[in-house]
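Asker: Here it is, the structure, as structure tokens.
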Amino acid sequence: MSATARKSAPLPDDIRDMKGGTPIVSLTAYTTPMAEMMDAHCDFVLVGDSLGMVLHGLPSTLGVTMDMMIMHGRAVGRGVKSAMMVVDMPFGSYEESPAQAFRNAARIMAETGAAAVKLEGGVHMAETIAFLVARGVPVMAHIGLTPQSINTLGGYKVQGRGDAGAALMADARAVAEAGAFSVVLEKVPATLADEITAAIPIPTIGIGASAGCDGQILVVDDMLGLFTRFKAKFVKRYAELASDGEAAIAAYAADVRARSFPAAEHVFGDADPKSNA
Ligand code: KIV
């Protein structure tokens, strides 16, 4: 069912059932107005920890905190009705132990209303994923380029090329077997993404992966041209809001300096003291 035809938000099981069907549509969201803008068009929205870079100007996602994720998760939750909301677990909130992961995942779900959490990691996070799922926390996994590990991955490189493909396939199988309801594949060769999509029973959500994935996700600030510090190859810009916005601000500044703003229609007369119009 398309997001526009749906009356209420899908659950993680509904997203899992979309495997192999019409591609799953998703974007990141961080604020209520953005969430409202995409609600009718997306199957799920992700409150991604990319918010650290695109909203808060951090150099990576490593400085993002639980409090930041919860604040933005609550804002997005107020803007979605027909799309499911997933919230990222930030760096340091789940890697230590399954118990730590459960404590923080439960807090995210209780305080934001998220239907699921996303965490980064494959084989080495499988035990944690199984622990969370067994305790009522639906998990979206994230493998391939996992931005929280850039310091051990050696930067934002394509993952799974050549012999490394087998390890990525093992990651995908491990998170599916552990009970994840879907898995994000980031920055992996298209042929490997297609092989993983064919091999596992849960939907693959591609970002820099392949049109053959079961769904796609992009960072909304990237696709709207709001974040311009750099542009990854996998980003398609559907708008240029940063340059359009700057042009609008320059026009406003010129109007103010020329005293052509505010104009007559923007100011109040004293004819009717009861009117606020
Ligand atoms: O944080 C994020 O925005 C993400 C997407 C890139 C998948 O994890």
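Asker: Residues in the stretch 95-103: is at least one within 15 Å of the ligand (Cβ to nearest atom) and of a type outside the set (F, W, Y)? Give the steps one after another, and end with the answer.
Answerer: To start, the set of residues in the stretch 95-103 that are within 15 Å of the ligand (Cβ to nearest atom) comprises none.
No, there is no match, as no residue in the stretch 95-103 is within 15 Å of the ligand (Cβ to nearest atom) and of a type outside the set (F, W, Y).
Asker: For residues that are within 16 Å of the ligand (Cβ to nearest atom) and basic (K, R), tally how many sit in the stretch 147-186.
Answerer: 1
Asker: Would you please name the residue that is most open to solvent (accessible area, probe 1.4 Å), looking only at residues in the stretch 70-81 that are of a type outside the set (A, V, I, L, M, F, W, C) and over 10 Å from E36 (Cα atoms)? It would help to see each step written out before you state the result.
Answerer: Taking the stretch 70-81 first, the residues of a type outside the set (A, V, I, L, M, F, W, C) are 72-74, 77-79, 81.
In the following step, the residues that additionally are over 10 Å from E36 (Cα atoms) were identified as 72-74.
On the way: H72: 18, G73: 0, R74: 121 Å².
Checked the stretch 70-81; the qualifying residue most open to solvent (accessible area, probe 1.4 Å) is R74.
Asker: Inside the stretch 24-77, can you point out the residues that are among the hydrophobic types (A, V, I, L, M, F, W, C), in contact with a His (Cβ under 9 Å, 6 or more places away or on another chain) and in a loop (DSSP other than H, G, I, E, B)?
Answerer: Our first condition is that a residue be among the hydrophobic types (A, V, I, L, M, F, W, C); within the stretch 24-77, this holds for 24-25, 27, 29, 34-35, 37-38, 40, 42, 44-47, 51, 53-55, 58, 62, 64, 66, 68-71, 75-76.
In the following step, the residues that additionally are in contact with a His (Cβ under 9 Å, 6 or more places away or on another chain) were identified as 25, 27, 29, 47, 51, 55, 64, 68.
Scanning the stretch 24-77 gives A29, L55, V64.
Asker: For the stretch 92-110, indicate whether the set of residues that are closer than 21 Å to I207 by Cα and either at pLDDT 95 or above or not in a loop (DSSP other than H, G, I, E, B) (or both) is non-empty.
Answerer: Taking the stretch 92-110 first, the residues closer than 21 Å to I207 by Cα are none.
No - not one qualifying residue is present in the stretch 92-110.
Asker: Which one is most open to solvent (accessible area, probe 1.4 Å) among residues in the stretch 178-212 that are out of contact with any helix residue (DSSP H, G or I) (no Cβ under 7 Å at 6 or more places or on another chain) and closer than 15 Å to G121 by Cβ?
Answerer: Restricting to residues being out of contact with any helix residue (DSSP H, G or I) (no Cβ under 7 Å at 6 or more places or on another chain) and closer than 15 Å to G121 by Cβ, the top hit is E186.
Asker: On to the next question. Out of M84, M66, which single residue is over 24 Å from L226 (Cβ atoms), within 16 Å of the ligand (Cβ to nearest atom) and in contact with a helix residue (DSSP H, G or I) (Cβ under 8 Å, 6 or more places away or on another chain)? It would help to see each step written out before you state the result.
Answerer: Numbers: M84 fails: over 24 Å from L226 (Cβ atoms).
That would be M66, the only listed residue that is over 24 Å from L226 (Cβ atoms), within 16 Å of the ligand (Cβ to nearest atom) and in contact with a helix residue (DSSP H, G or I) (Cβ under 8 Å, 6 or more places away or on another chain).
Asker: Out of all the residues in the stretch 184-207, which are more than 16 Å from S149 (Cβ to Cβ) and in contact (Cβ under 8 Å) with a residue 24 or more places away in the chain? Full working, then the answer.
Answerer: Within the stretch 184-207, the subset more than 16 Å from S149 (Cβ to Cβ) is 189-206.
Correct list: P189, L192, E195, I196, A199, I200, P201, I202, P203, T204, I205.
Asker: Please determine, by comparing only the residues of the stretch 187-232 that are of a type in the set (S, T, N, Q) and assigned to a loop (DSSP other than H, G, I, E, B), which one is nearest to the ligand (Cβ to nearest atom).
Answerer: Restricting attention to the stretch 187-232, the residues satisfying the condition of being of a type in the set (S, T, N, Q) are 191, 197, 204, 210, 216, 228.
Next cut, assigned to a loop (DSSP other than H, G, I, E, B) only: 210, 228.
Working: S210: 15, T228: 16 Å.
Among residues in the stretch 187-232 that are of a type in the set (S, T, N, Q) and assigned to a loop (DSSP other than H, G, I, E, B), the one nearest to the ligand (Cβ to nearest atom) is S210.
The values are calculated or read from the model by the stated rules, or taken from the named source; none is laboratory data. Quick caveat, the model's predicted, so the values are computed rather than measured. Reconstructed Cβ throughout: ideal geometry from the backbone, glycine too, with neighbour counts over all protein chains shown. Note: accessible area is taken over every heavy atom of the protein model, side chains too, but ligands, DNA and RNA are not part of it. Shrake-Rupley method; radii C 1.70, N 1.55, O 1.52, S 1.80 Å.
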